[in-house]
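Colleague: Sharing a structure here in structure tokens format.
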């Protein structure tokens, strides 16, 4: 298979491109046009230094220290000091896919030609990706304004042969990592340290991967609904297209259409009045609930798609005589999008857990208590519902918006921050939780179908989904631990195997 090539020019970078690079299935380069813009931007910075102009972060200190003038002989040391002093993030390291996405997004932002970086520095950033040198970046410590300073500083240290990086599974010093793949560290010039760390690439990297996993999880939620409807003989009338057209939210009809397609040919599902007039909300209102979550996903997708190709530096080099300090690094657009997506994915989990309760509760399902083969002697799937309930409760805490919090920093110069990286990290954590909740629903629906001997009456699409579930989680005839199977199925959901 030919390896995909992603060319960076500051425009047109898509989520699909990002996922290819994050997984290591693509190589990157910078377009010649972009390199020319970068060279021009660099010349403009050097012009400012040569003419002793006052430019934030170039000939001044940072943050509250922006009024401190820096002698022209110290502009390079200023940038090294910036990386060293700002690389103080803590906590578990970001996984490799996040680090690769950070490298990619920062390179693409620099390729726009507004940051004043040298072409050699940009090329080395891209080579870290291509040669799989992955900086060790602790995941906690960003306020999400002035950019993701601490995480990006850890990433950037490797470019100057400092910090730590992972190469072929081994963590080593930045200098050793570069040497291991035949690369040389760069010597930073004026503004380059600032250009490397002043941006939203940590929150946007986590957000991009969360967005992809949320999409797969949301599609799996629709599949889980169809399986549960097969198990409980759900009423398909509530998914009627003419009914939904009276309240024309397109996402509602999209959800309903997917579920109708999954159930084509089923002898299990029913029409209104066949067995009962109405199903409970957790089934009947799936188009409305799932559909609303897709509206939030669409919003997050729109905001992130802009951010993938945005200049988030400060100051911005617009022309030789116009270098402007502003707030392009502020993470509020991403923070709000991630918080919105958090609430949306929480609802996929909340309503799924209620469907699981209907499957295991004999008073609601009419089936064997807790779907046990020998109830009483066996507890069956009783505790899987407990686990789902625990996960959705945890998500209710995590869904509290990070973006409504702010805390002043840098002696009150930076007096409003976004907490966007916190929102993104929480969002991805919540998606993992929801994938487990949906996995539990699928397992319970599969077990309910088994107990009724109903597989032959299912739709071909749901029977195919059932096989995927059973390949990872066989039917339960004796009490056994399901922890590992739940994790395996949740991981399959996150990969998109159950979409």
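The values are calculated or read from the model by the stated rules, or taken from the named source; none is laboratory data. What you see is a predicted model; the values in this text were computed from it and never measured. Positions of Cβ are backbone-derived with ideal geometry, glycine not excepted, and every protein chain shown enters the neighbour counts.
Colleague: If you check 399, 411, 388, which single one turns out to be at positive phi and touching a helix residue (DSSP H, G or I) at 6+ places or on another chain (Cβ under 9 Å)?
Modeller: Values: 399 fails: at positive phi; 388 fails: at positive phi.
Just a single option satisfies the conditions, and that option is 411.
Colleague: Return the total of residues in the range 381-413 being over 13 Å from residue 343 (Cβ atoms) and in contact (Cβ under 8 Å) with a residue 60 or more places away in the chain. Spell out the reasoning first.
Modeller: Filtering the range 381-413 for residues over 13 Å from residue 343 (Cβ atoms) gives 381-391, 393-394, 405-413.
Subset that is in contact (Cβ under 8 Å) with a residue 60 or more places away in the chain: 381, 384, 387, 407, 409-413.
Count: 9.
Colleague: Ok, one more. How do the helices (runs of 4 or more DSSP H) wholly within the range 174-244 filter down when requiring 1 or more residues that are at pLDDT 95 or above and out of contact with any helix residue (DSSP H, G or I) (no Cβ under 8 Å at 6 or more places or on another chain): which remain? Before you say what the answer is, go through the steps one by one.
Modeller: On the way: elements: 174-180, 192-197, 201-232.
Here the list reads 174-180.
Colleague: Here's another thing I want to ask about it. Output yes when any residue across the range 319-336 is buried (at least 23 other Cβ atoms within 10 Å of the Cβ), assigned by TED's automatic domain parsing to the domain that holds residue 395, touching a helix residue (DSSP H, G or I) at 6+ places or on another chain (Cβ under 6 Å) and assigned to a helix (DSSP H, G or I), and no when none is.
Modeller: yes
Colleague: Taking residue 416, is it surrounded by fewer than 22 Cβ atoms within 10 Å (Cβ to Cβ), out of contact with any helix residue (DSSP H, G or I) (no Cβ under 8 Å at 6 or more places or on another chain) and in contact (Cβ under 8 Å) with a residue 40 or more places away in the chain?
Modeller: Working: surrounded by fewer than 22 Cβ atoms within 10 Å (Cβ to Cβ): yes; out of contact with any helix residue (DSSP H, G or I) (no Cβ under 8 Å at 6 or more places or on another chain): yes; in contact (Cβ under 8 Å) with a residue 40 or more places away in the chain: yes.
So residue 416 passes the test.
Per-residue answers, yes or no, for (1) buried (at least 18 other Cβ atoms within 10 Å of the Cβ); (2) part of a helix (DSSP H, G or I); (3) in contact (Cβ under 8 Å) with a residue 40 or more places away in the chain; (4) not assigned by TED's automatic domain parsing to the domain that holds residue 30:
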| position | (1), (2), (3), (4) |
| --- | --- |
| 302 | no, yes, no, yes |
| 313 | yes, no, yes, yes |
| 341 | yes, yes, yes, yes |
| 355 | yes, yes, yes, yes |
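Colleague: Among the residues of the range 2-16, which ones are surrounded by fewer than 20 Cβ atoms within 10 Å (Cβ to Cβ) and either on the phi > 0 side of the Ramachandran plot or in a helix (DSSP H, G or I) (or both)?
Modeller: Hits for the range 2-16 are 12, 15, 16.
Colleague: Of everything in the range 120-141, what is modelled with pLDDT of 95 or more and farther than 18 Å from residue 6 by Cβ? Give them in sequence order.
Modeller: Our first condition is that a residue be modelled with pLDDT of 95 or more; within the range 120-141, this holds for 120-139.
Those that are modelled with pLDDT of 95 or more and farther than 18 Å from residue 6 by Cβ: 120, 121, 135, 136, 137, 138, 139.
Residue by residue, here is whether (1) closer than 25 Å to residue 200 by Cα; (2) under 29 Å from the mean Cα position of the chain (by Cα) holds:
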site	(1), (2)
278	no, no
285	no, yes
289	no, yes
310	yes, yes
316	yes, yes
326	yes, yes
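Colleague: Given the structure, is residue 359 more than 27 Å from the chain's Cα centre (by Cα), touching a residue at least 40 places away in the same chain (Cβ under 8 Å) and in a helix (DSSP H, G or I)?
Modeller: Values: more than 27 Å from the chain's Cα centre (by Cα): yes; touching a residue at least 40 places away in the same chain (Cβ under 8 Å): yes; in a helix (DSSP H, G or I): yes.
Yes: the conditions hold for residue 359.
Colleague: Sticking with this structure for a sec: Enumerate the pairs (first residue in the range 173-193 and more than 15 Å from residue 134 (Cα to Cα); second residue anywhere and in a loop (DSSP other than H, G, I, E, B)) with beta-carbon separation below 7 Å, excluding pairs fewer than 6 apart on the same chain, so at least 6 apart or on different chains.
Modeller: If the second residue must be in a loop (DSSP other than H, G, I, E, B), the pairs left are 189/118; 190/58; 191/57; 191/58; 191/116; 192/117; 192/118.
Colleague: Further question: Among 46, 32, which is within 35 Å of the chain's Cα centre (by Cα) and surrounded by fewer than 20 Cβ atoms within 10 Å (Cβ to Cβ)?
Modeller: Details: 46 fails: within 35 Å of the chain's Cα centre (by Cα).
Result: 32 is the single residue among 46, 32 that is within 35 Å of the chain's Cα centre (by Cα) and surrounded by fewer than 20 Cβ atoms within 10 Å (Cβ to Cβ).
Colleague: Inside the range 444-459, can you point out the residues that are loosely packed, with under 12 Cβ neighbours inside 10 Å and outside any loop (DSSP other than H, G, I, E, B)? It would help to see each step written out before you state the result.
Modeller: From the range 444-459, those loosely packed, with under 12 Cβ neighbours inside 10 Å are 453, 456; that's our starting set.
The answer is 456, and nothing else.
Colleague: Go through the residues of the range 75-83 one by one and say whether even a single one is more than 30 Å from the chain's Cα centre (by Cα), modelled with pLDDT under 80 and either in the same structural domain as residue 135 (by TED's automatic domain parsing) or within 30 Å of residue 215 (Cβ to Cβ) (or both).
Modeller: First pass over the range 75-83, keeping only residues more than 30 Å from the chain's Cα centre (by Cα): 75-81.
Still in the list and also modelled with pLDDT under 80: 75.
Now narrow it down to the ones that are either in the same structural domain as residue 135 (by TED's automatic domain parsing) or within 30 Å of residue 215 (Cβ to Cβ) (or both): 75.
Among the residues of the range 75-83, at least one is more than 30 Å from the chain's Cα centre (by Cα), modelled with pLDDT under 80 and either in the same structural domain as residue 135 (by TED's automatic domain parsing) or within 30 Å of residue 215 (Cβ to Cβ) (or both), which makes the answer yes.
Colleague: Of 115, 139, 146, which residue is closer than 16 Å to residue 164 by Cα, within 34 Å of the chain's Cα centre (by Cα) and touching a residue at least 24 places away in the same chain (Cβ under 8 Å)?
Modeller: Working: 115 fails: closer than 16 Å to residue 164 by Cα; 146 fails: closer than 16 Å to residue 164 by Cα.
Result of the check over 115, 139, 146: 139.
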